[in-house]
Amino acid sequence: MVYKGGMVEVVETLETKLKRHEDALVACMAEITRLREENARLRSSENSAHSVLREVYNDPTASPAVRVKAAGLALPHETPRYRRPYTSCWRALHGRRPGVCW
């Protein structure tokens with residue numbers, strides 16, 4: 001330990017610094033491997049774009065912003081668009097567009 005201006009400064013030895021950096025490198029390599037596997041799984045031919053979006057928005061480890069974006073992109077494929085049900089029937093029954101006077 002080295003005393004500097006009333007404060008204690010801990011001097012890290014070369015061996016402990018090397019060990020700390022080796023541990024960080026191992027953790028980074030494990031994360032890179034995990035991300036490569038996930039990328040390969042998501043790009044596999046078994047997954048459609050919609051199934052990937054569903055997987056992303058159901059993933060609790062994904063950030064909320066990513067989950068909301070994926071859910072918004074998947075929504076049109078999961079629920080039908082709302083259409084006014086009477087428009088085509090109106091034309092068939094009355095022979096004119098709704099709102100047009102006789």
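Since every read-out is calculated from the coordinates, none of them should be taken as a lab result. Every value quoted in this text rests on a predicted model; they were computed, and no experiment measured them. Cβ coordinates were reconstructed from backbone atoms using ideal geometry, including for glycine residues, and neighbour counts include every protein chain displayed.
Quick notes on this structure:
- Table column - 3J(HN,Hα) (Hz), the stretch 55-64, Karplus curve with 6.51, -1.76, 1.60, x for Gly and Pro: 5, 5, 6, 8, 7, x, 8, 6, 5, x
- Checking every one of the GluC sites (Glu not before Pro) in the stretch 8-43 against DSSP loop status and a limit of 10 other Cβ atoms within 10 Å picks out 12.
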